[in-house]
Amino acid sequence: MSKLDYVVTFACYNQVEYTRQCIESMVRQGDDLSRLVVVDNGSTDDTRNYLQSLSLGGLILNSANLGCGVAWNQGR
């Protein structure tokens, strides 16, 4: 599998520090953030601002917490 054969998707909600740690870990491992799709499930902390500052492959900003299953499917 080549690096361009995948996209990483994750959902987050009000956990800016964990989200930052996750993304920084991916960067340290050499992952290309253009292959990352993040679904924010209506965060009210600084998560959205942080995500919007990045060059992600995709960013979905839900207005409410729709749950993990829905968010994961949105990121496909």
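The values are calculated or read from the model by the stated rules, or taken from the named source; none is laboratory data. It should be emphasised that the depicted structure is a prediction, and the values quoted were computed from it without experimental measurement. For neighbour counting, all protein chains shown are included, and Cβ atoms are generated from backbone atoms with ideal geometry for every residue, glycine included.
Pairs linking a residue in the stretch 50-76 that is touching a residue at least 12 places away in the same chain (Cβ under 8 Å) to a residue that is surrounded by 15 or more Cβ atoms within 10 Å (Cβ to Cβ) and hydroxyl-bearing (Ser, Thr, Tyr), with Cβ atoms under 7 Å and 6 or more positions apart or on different chains, are TYR50/THR19; ASN65/TYR13; TRP72/THR9; GLY75/THR9; ARG76/THR9.
Looking only at the stretch 23-48, how many residues end up being without any contact (Cβ under 8 Å) to a residue 24 or more places away in the chain and either touching an Asp or Glu at 6+ places or on another chain (Cβ under 7 Å) or of a type in the set (S, T, N, Q) (or both)?
4
Listed by position, the helices (runs of 4 or more DSSP H) contained in the chain that have at least 3 residues being at pLDDT 90 or above and of a type in the set (A, V, I, L, M) are 16-28. Candidates in the stretch 62-76 are the residues that are within 14 Å of VAL7 (Cβ to Cβ) and polar (S, T, N, Q); of these, the one that is surrounded by the most Cβ atoms within 10 Å (Cβ to Cβ) is GLN74. Looking at ASP40, is it surrounded by fewer than 16 Cβ atoms within 10 Å (Cβ to Cβ) and of a type outside the set (Val, Ile, Thr)? So ASP40 fails the test.
Here is the figure for the stretch 9-22: residues that are surrounded by 15 or more Cβ atoms within 10 Å (Cβ to Cβ) and touching an Asp or Glu at 6+ places or on another chain (Cβ under 9 Å) total 6. Taken together, the criteria place ASN49 among residues that are polar (S, T, N, Q) and surrounded by fewer than 14 Cβ atoms within 10 Å (Cβ to Cβ). Number of residues in the stretch 54-72 that are over 15 Å from SER34 (Cβ atoms) and out of contact with any strand residue (DSSP E or B) (no Cβ under 7 Å at 6 or more places or on another chain): the value is 7.
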